[in-house]
Amino acid sequence: MAEEKKAQIGVTGLAVMGANLARNLARHGHTVALHNRSVEKTDALLAEHGDDGEFIRTETMQELVDSLEKPRRILVMVKAGAPVDAVIDQLVPLLDEDDIIIDGGNSHYPDTIRREAALAEKNIHFVGVGVSGGEEGALNGPSIMPGGSAKSYESLGPLLEDISAKADDGTPCCAWIGTDGAGHFVKMVHNGIEYADMQVIGEAYELLRDVAGQEPGDQANTFAEWNRTELSSYLIEITAEVLKQVDARTGKPLVDVIVDAAGMKGTGTWTVMAALDLGSPVTAIAESVFARALSSTERETRLEAQKTLAAGVRESDTVGDAAFVEDVRRALYCSKLVAYAQGMEMLATASGEHNWDLKLDTIASLWRAGCIIRAELLQDIMAAYKDGAEPRNLLFAPVFRDVIEEYLPSWRRVVVEATERGIPAPVFSSSLAYYDGLRRPRLNAALTQGLRDYFGAHTYGRIDTDGAFHTLWSGDRSEIDS
Ligand code: NBP
């Protein structure tokens, strides 16, 4: 009797992401076993896209497990949170040692660390995989950031690399990131950088509009031009597309009829929370998350503020000259660089904290295609970290140091202009403050330390000798070495 055909991988959770990843795997010649809690999604996928490749239809977890080659590889694409634990609980009793459960959803990395540890005790591999690129990426090639054990990557890596996006040089945008939650952590920081990337574009848009007097149609041309400079990236490209869109209902630029309240799903907030825990100053990401909060949760307050709070601005004409537009472009580039530098610093700090040994050049290389923050800039970031080079800060890499030196006057002019006109540019200005904070020979932190010692005897260090010192601020002796 002929042996029943087995699948190389199973996918459970066939909503948009799972279905598209399953189709991508099948189109690359892998037989894919399909499973979904409610069988309708399985049948819908087979009815609409059954020709994409070889699929095995299953209805129960047992059927799914039985349909797979060993060691089994099961990609879980259900809603992040409790559903992932529910699916793991159903799978584990059915699996053998060395089988691999892959969580390709947007799980919070501490959950991934917890799940990996629990399954490792049963000798089952649990691999948290960051997948970026949305529905389209899942179908045609996402950027893939797998964590979990190095051993699991031997079996899983070739499949994931097959379906991943490919950079211009043909390299797959998929590589093993590091143990346990490393893949989901890196995906989370990717999303944080995405928030900042979108926010700096938004700040440039507002300045082009309200200072340079450009209407959305003109702005679309400006962004399309910028996309031919070192700013070239997916987000700049689609900014031009969004700005040139006309609303069919009113004939106005579509951007003008969209409510100015930005949504978020939580990965930006997670990034900032993790950064706070690590003491990592990701100011650009944090300001971006807060800017979205100000736009949406504070919407009612904003409406009242518009009527109540003074503007105190310098009234000025529009500055429609090309020089100002170029200043904005340069300020955008510098602020974006700071966001990436801070994100990479955060990864380096987390790598030490979790013993992940993250390879920053590899991570930058994975973001070159398939994901939302794909950009020319990543090529230079890769080069800056190449072969384990570790600039203390990405901004020290000569390629970035030199361009910032040239662009700084523009960056400062734009921040001043925005401030005087009352136009919020939180990431342009906080990134400049971060940059100046890095390069200042002395920070006002000295006074902070004095205050802390005054009210809480927290002690301070001295510039002329080692040790921790406390001053008896109102006593006879001015200082004691603690
Ligand atoms: P959803 O996040 O909308 O989840 C829907 C799927 O989860 C369905 O298959 C549903 O089964 C299943 N499910 C739920 Br809900 N509770 C379950 C449970 N207790 N047991 C078993 N299955 C359960 O799907 P998605 O938008 O395809 O996203 C999947 C993952 O990928 C998420 O973590 C998401 O954050 C992540 N992600 C999404 C995108 C994107 O662009 N959408 C991008 C990158 C990552 P049912 O059909 O029986 O209800």
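The values are calculated or read from the model by the stated rules, or taken from the named source; none is laboratory data. As the structure is a prediction and not an experimental result, all values here were calculated from the model. Using ideal geometry, Cβ is built from the backbone for each residue, glycine included, and neighbour counts are taken over all protein chains shown.
Table for the structure above
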{"quantity": "Which listed residue is closer than 30 Å to residue 265 by Cα, surrounded by 24 or more Cβ atoms within 10 Å (Cβ to Cβ) and not basic (Lys, Arg), from 91, 34", "calculated": "34"}
{"quantity": "Only listed residue being in contact with a helix residue (DSSP H, G or I) (Cβ under 6 Å, 6 or more places away or on another chain) and either acidic (Asp, Glu) or touching a residue at least 12 places away in the same chain (Cβ under 8 Å) (or both), chosen from 254, 278", "calculated": "278"}
{"quantity": "Output for the range 238-293, where each listed residue is among the hydroxyl-bearing types (Ser, Thr, Tyr) and in a loop (DSSP other than H, G, I, E, B)", "calculated": "250, 280"}
{"quantity": "Whichever residue in the range 32-41 is assigned to a strand (DSSP E or B) and more than 19 Å from residue 137 (Cα to Cα) and, among such residues, is nearest to the ligand (Cβ to nearest atom)", "calculated": "35"}
{"quantity": "Hits in the range 126-150 - residues which are away from the ligand (no atom under 14 Å from the Cβ) and either of a type in the set (Val, Ile, Thr) or without any contact (Cβ under 8 Å) to a residue 24 or more places away in the chain (or both)", "calculated": "127"}
{"quantity": "Flag for residue 48 being more than 12 Å from the ligand (Cβ to nearest atom), without any contact (Cβ under 8 Å) to a residue 40 or more places away in the chain and over 18 Å from residue 7 (Cα atoms)", "calculated": "yes"}
{"quantity": "Count of residues meeting criterion [assigned to a loop (DSSP other than H, G, I, E, B) and closer than 24 Å to residue 283 by Cβ] in the range 210-228", "calculated": "1"}
{"quantity": "Tally, over the range 7-31, of residues that are small (Gly, Ala, Ser), within 14 Å of the ligand (Cβ to nearest atom) and buried (at least 16 other Cβ atoms within 10 Å of the Cβ)", "calculated": "5"}
{"quantity": "Test result for residue 246, more than 25 Å from residue 191 (Cβ to Cβ) and in contact with a strand residue (DSSP E or B) (Cβ under 9 Å, 6 or more places away or on another chain)", "calculated": "yes"}
{"quantity": "Residue within the range 361-370 that is within 20 Å of residue 236 (Cα to Cα), crowded, with 21+ Cβ neighbours inside 10 Å and among the charged types (D, E, K, R) present", "calculated": "yes"}
{"quantity": "Meets criteria (over 24 Å from residue 154 (Cβ atoms), in contact with a Lys or Arg (Cβ under 9 Å, 6 or more places away or on another chain) and surrounded by fewer than 20 Cβ atoms within 10 Å (Cβ to Cβ)) for residue 83", "calculated": "yes"}
{"quantity": "In the range 220-242, the residues that are over 19 Å from residue 194 (Cα atoms) and aliphatic (A, V, I, L, M)", "calculated": "220, 224"}
{"quantity": "Some residue of the range 224-245 being under 30 Å from residue 182 (Cβ atoms), surrounded by fewer than 19 Cβ atoms within 10 Å (Cβ to Cβ) and among the polar types (S, T, N, Q)", "calculated": "yes"}
{"quantity": "Residue satisfying condition, being touching a residue at least 24 places away in the same chain (Cβ under 8 Å), more than 17 Å from the chain's Cα centre (by Cα) and part of a helix (DSSP H, G or I), within set 405, 417", "calculated": "417"}
{"quantity": "Residue within the range 452-467 that is out of contact with any helix residue (DSSP H, G or I) (no Cβ under 9 Å at 6 or more places or on another chain), surrounded by 15 or more Cβ atoms within 10 Å (Cβ to Cβ) and modelled with pLDDT of 95 or more present", "calculated": "yes"}
{"quantity": "Any chance residue 95 is over 32 Å from the mean Cα position of the chain (by Cα) and under 17 Å from residue 19 (Cβ atoms)", "calculated": "no"}
{"quantity": "Single match in 123, 106 (criterion: part of a loop (DSSP other than H, G, I, E, B) and within 11 Å of the ligand (Cβ to nearest atom))", "calculated": "106"}
{"quantity": "Single residue of 235, 231, 207 found to be hydrophobic (A, V, I, L, M, F, W, C), touching a residue at least 40 places away in the same chain (Cβ under 8 Å) and not in a helix (DSSP H, G or I)", "calculated": "231"}
{"quantity": "Of residues in the range 257-275 being over 26 Å from residue 355 (Cα atoms) and touching a residue at least 24 places away in the same chain (Cβ under 8 Å), the one surrounded by the most Cβ atoms within 10 Å (Cβ to Cβ)", "calculated": "262"}
{"quantity": "Tally of residues being part of a loop (DSSP other than H, G, I, E, B) and over 29 Å from residue 412 (Cβ atoms) across the range 422-462", "calculated": "5"}
{"quantity": "Complete set of residues in the range 65-94 that are more than 8 Å from the ligand (Cβ to nearest atom), basic (Lys, Arg) and under 19 Å from residue 14 (Cβ atoms)", "calculated": "72, 73"}
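Rundown of residues vs (1) of a type outside the set (Lys, Arg); (2) at negative phi; (3) assigned to a helix (DSSP H, G or I); (4) surrounded by fewer than 19 Cβ atoms within 10 Å (Cβ to Cβ), yes/no style:
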{"site": "127", "(1), (2), (3), (4)": "yes, yes, no, no"}
{"site": "135", "(1), (2), (3), (4)": "yes, yes, yes, yes"}
{"site": "151", "(1), (2), (3), (4)": "no, yes, yes, yes"}
{"site": "168", "(1), (2), (3), (4)": "yes, yes, no, yes"}
